[in-house]
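Undergrad: Let me begin by handing over the structure; questions about it come next.
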Amino acid sequence: MTITAKMIANAKKHGACEDALAWLPSHTVANLSAEHPDWLLWAAGNIPGAMDVITPDQLDRAAAAAPRTALRYAAALLTPDQLDRAAAAEPVAALQYASAILTPDQLDRAAAAEPWTALQYASAILTPSQLDRAAAAEPWMALQYALALLTPSQLDRAAAAEPRAALQYAAAILTPAQLDRAAAAAPRVALRYASAILTPDQLDRAAAAEPGAALQYALALLTPAQLDRAAAAAPWTALRYAAAILTQTRKKSCQEAIK
């Protein structure tokens, strides 16, 4: 079938790119399927009525040639076999664009191949075993995207593997032992994201290890002795963030130190 002026106008109306609009005149839908399968798949998913002129064979060939695009724009139009082939070829795209219509086997296969993406886009529909496997493989992503779904043991394992992510995304629900372990491993991140819930001892250790971060992120929580120690270790940062509350003696020494 020849691509008509009406079809081109409809494509333009629905956001077809300039390259496609320039190519379409004097071509057929068969040409489009063979030469630009990605454009055909975009049209199938975005232009109402496009499937009236795209044959099942043309859609099949296009999906085989451009499985990622098929999953992004036309997943709902694919047959079970086409969806299976596309998901096997492009598990990231399958999880990102078509997770809701994957079969249990397809979801399991894609999540095993791409646990990072599974946690980001499909954590809510993973089975307990799939979530456990993905969280073990990608603990940072588990903490960032699936925190509310983690069991206590999964949280403990992920926090031990990725203390920075634990502090950034899960500080409020860490146990005292988990918080202590993470703060010891990543004191700068603890000061940035969890300073308000650190114990006095944890704050003291973190401030000693990262005086600049203590001044930047936890200034209001520092004791006079902690402030003085941090300012002595990081005079430039002290003048930037804490000049108004430094003693005159410490402020002068900081100014002398950065000359």
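Values quoted throughout were computed directly from the atomic coordinates according to the rules given, and no laboratory measurement underlies them. Nothing here was measured: the structure is a model prediction, and the numbers come from that model. Positions of Cβ are generated from backbone atoms using ideal geometry, with glycine treated the same way; all protein chains shown enter the neighbour counts.
Undergrad: Say R0 is 35 Å: what FRET efficiency, to the nearest 0.05, do THR249 and ALA184 get from their beta-carbon distance?
TA: On the way: r = 32 Å, r/R0 = 0.92.
Calculated transfer efficiency: 0.65.
Undergrad: Determine the relative contact order of the chain: mean sequence separation of Cα pairs under 8 Å and six or more apart, normalised by residue count, in whole percent. Could the numbers behind the result be given before it?
TA: On the way: 338 pairs, mean separation 20.1, N = 259.
It comes to 8 percent, rounded to a whole number.
Undergrad: Give the lysines whose C-alpha is closer than 24 Å to that of LYS251, dropping any in the same chain fewer than 8 places away, or say none.
TA: LYS259
Undergrad: Let me ask something additional. Could you order peptides 240-246, 57-63, 32-38 by the average number of other Cβ atoms within 10 Å of their residues, highest first? Spell out each step's value before the answer.
TA: On the way: 240-246: 15.1, 57-63: 20.0, 32-38: 18.3.
Taking the mean over residues of other Cβ atoms within 10 Å, the ranking is 57-63, 32-38, 240-246.
Undergrad: Let me ask something else. Computed from the mean reciprocal separation of all distinct C-alpha pairs, what Kirkwood hydrodynamic radius does segment 104-174 have, in Å? Each step should come with its number before you reach the end.
TA: Values: mean 1/r = 0.0858 Å⁻¹.
One decimal place: 11.7 Å for the Kirkwood radius.
Undergrad: Then there's this: Have a look at THR79, TYR193, ALA230 and report the one farthest towards the positive end of the charge dipole of the chain, computed about the Cα centre with Cβ charges (Lys/Arg +1, Asp/Glu -1).
TA: It is ALA230.
Undergrad: Right, another one. Can you give the net charge of the other residues whose Cβ lies under 11 Å from the Cβ of LEU167, counting K and R as +1 and D and E as -1? Present the calculation step by step, with values, prior to reporting the outcome.
TA: Details: positive: ARG164, ARG181, ARG188, ARG192; negative: GLU162.
Charge balance in the 11 Å sphere: +3.
Undergrad: With label points built 7 Å along Cα→Cβ from the Cα atoms of THR4 and ALA65, find their separation and express it in nm.
TA: Taking the two extended label points, one gets 2.4 nm.
Undergrad: Next up: Tell me what the chain gives for mean residue ellipticity at 222 nm when only DSSP H runs of n ≥ 4 count, each as -39,500 (n - 2.57), the sum divided by the residue total, rounded to 500 deg cm²/dmol. Can you show the working numbers first?
TA: On the way: 21 runs with 183 residues, N = 259.
Rounded to the nearest 500, the figure is -19500 deg cm²/dmol.
Undergrad: Under 12 Å from a point placed 7 Å out from the Cα of ASP52 along the Cα-to-Cβ direction: which residues of segment 21-41 have their backbone N that close?
TA: none
Undergrad: I need the Kirkwood Rh of segment 162-259: take the reciprocal of the average 1/r across all distinct C-alpha pairs and report it in angstrom.
TA: Working: mean 1/r = 0.0744 Å⁻¹.
Here the Kirkwood hydrodynamic radius works out to 13.4 Å.
Undergrad: A further question on this structure: Given H placed 1.01 Å from N in the peptide plane, which residues other than close sequence neighbours of THR28 have an amide H under 5 Å from its amide H?
TA: Under 5 Å from the amide H of THR28 lie the amide H atoms of ILE3, each far enough along the sequence or on another chain.
Undergrad: Across segment 69-74, in residue order, what do the Karplus-derived ³J(HN,Hα) couplings come to in whole Hz, using 6.51 cos²θ - 1.76 cosθ + 1.60 with θ = phi - 60° and x for Gly and Pro?
TA: 5, 4, 5, 6, 10, 9
Undergrad: Report the normalised scattering of segment 1-92 as log10 I(q)/I(0) at q = 0.18, 0.24, 0.25, 0.26 Å⁻¹, calculated by the Debye formula with identical scatterers on the alpha carbons.
TA: The Debye formula, applied to the Cα set alone, gives -0.72, -1.20, -1.29, -1.37.
Undergrad: Can you tell me which of 14-22, 176-184 comes out highest on packing, and rank the rest after it, using the mean Cβ neighbours within 10 Å?
TA: Details: 14-22: 12.4, 176-184: 18.7.
Highest mean packing first, the order is 176-184, 14-22.
Undergrad: Turning to a different aspect of this structure: Mind putting a number on the dipole of the chain about its Cα centre? Charges go on the C-beta only, +1 for Lys and Arg and -1 for Asp and Glu, and I need it in Debye to the nearest 20. Write out the running numbers ahead of the final one.
TA: Working: 21 positive and 23 negative charges, 268 e Å.
The dipole of the chain has a size of about 1280 debye.
Undergrad: While we're here: What's log10 of I(q)/I(0) for the chain at q = 0.08, 0.10 Å⁻¹, Debye sum over Cα points only, no solvent?
TA: Each listed q corresponds, in turn, to -0.56, -0.69.
Undergrad: Right, another one. Just want to confirm a number: the relative contact order over segment 89-138, from Cα pairs under 8 angstrom separated by 6+ residues, in percent. Present the calculation step by step, with values, prior to reporting the outcome.
TA: Values: 48 pairs, mean separation 18.5, N = 50.
Answer for segment 89-138 is 37 percent.
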